[in-house]
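Coordinate-derived values only; no laboratory data. Keep in mind that this is a model prediction, so the values were computed, not measured. In this analysis, Cβ positions are derived from the backbone assuming ideal geometry, glycine residues included, and neighbour counts consider all displayed protein chains.
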Amino acid sequence: MEKFKSGYVSLTGRPNVGKSTLLNTILGEKVAIVTPKPQTTRNRIIGVKTMPEAQIIFIDTPGIHKPKHKLGEIIVKEASETAREADLILFMVEPEMPCSGDKFIIEMLKNLDKPVFLLINKTDFVKKPQILPVIDAYNRLYPFKEIIPISALKSDGIDILLKTIMKYLSEGPKYYPDDITTDQLERFMVSEIIREKIMHQTKEEIPHSIAVEIIEWSERPAEQGTGAIFIHANIFVEREGQKGIIIGKNGSRLKTIGTDARLEIEKLLGAKIFLELWVKIKKDWRSNERILKELGFK
């Protein structure tokens, strides 16, 4: 009988290469928000894949980029520290030649004494012969233990990836119960759902200027519906103009955001939800250490 294996696997790469999509696909459920906007992920998110012979703890990290404010510095530091803590690293790229951002991350990987896989994502958008020169270019930059083409969106190559990861894991304990797929608290997941819906509804600078804070979470009295949960959240922006964009004409956009978020939160929690959203201004909050700490960024 084979011995049980376990370990921590870090997902790293530039913003918007598909790390969160991959995590959701592997787990078979949504634990990380996904939008077309780069730098969507801000916090380290753990996803747990438990199989009969192994338990793999995936850590989805924020995309590594050149920071423009204090929040960006915190995000990049978090991603770098996570890579150092993991047993194995999955470096995710798109099927194109390495750019300066990819080369920057590779230089960081050279300081880590652990196995690194290269995952070439979004292969459903290109023909296979086009991937060969990309593989050759990356091979010249770093001695990757494995190079695996995948499509996180189409689930192509995922079984191969999981089997290959298990070859590199050591014998270890089961860190989480079988029914656990993430360590994220419900409050955090709800705030991320709200943020995702805002990002889908807004454009340009708005998505990266928002933060969501849950300020009330309580059960409604029985006469208003058994098991119904009341959630009050603040949406913070940096400028007055951004507040107007999120609210929309006669509150139309905020209403759409609230409806979309409420429906997904009800699926997540399995309960009736009363969601109240308020938009408030915290000027330049992304560069304010005190506000960042209040919002949970260390």
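For region 186-294, state what percent of all Cα-Cα pairs lands in each successive 5 Å bin, counting from 0 Å until the bin that includes the largest distance.
2, 12, 23, 24, 18, 12, 6, 3, 1
What is the order of Trp217, Trp285, fewest Cβ neighbours within 10 Å to most?
On the way: Trp217 13, Trp285 22.
Ranked by crowding around the Cβ, least crowded first: Trp217, Trp285.
Net charge around Glu94, counting only other residues with Cβ within less than 11 Å of its Cβ (Lys, Arg = +1; Asp, Glu = -1)?
Numbers: positive: Arg14, Lys122; negative: Glu96, Asp102.
Its environment carries a net charge of 0.
Report the net charge of residues surrounding Ser252, where surrounding means a beta-carbon distance below 15 angstrom and charges are Lys +1, Arg +1, Asp -1, Glu -1.
Working: positive: Lys197, Lys243, Lys249, Arg253, Lys255; negative: Asp260.
After counting each charged neighbour, the total is +4.
Which cross-chain or sequence-distant (5 or more) residues have an amide H under 5 Å from the amide H of Val279, H modelled 1.01 Å from N in plane?
Amide H neighbours of Val279, under 5 Å, 5+ apart: Ile235.
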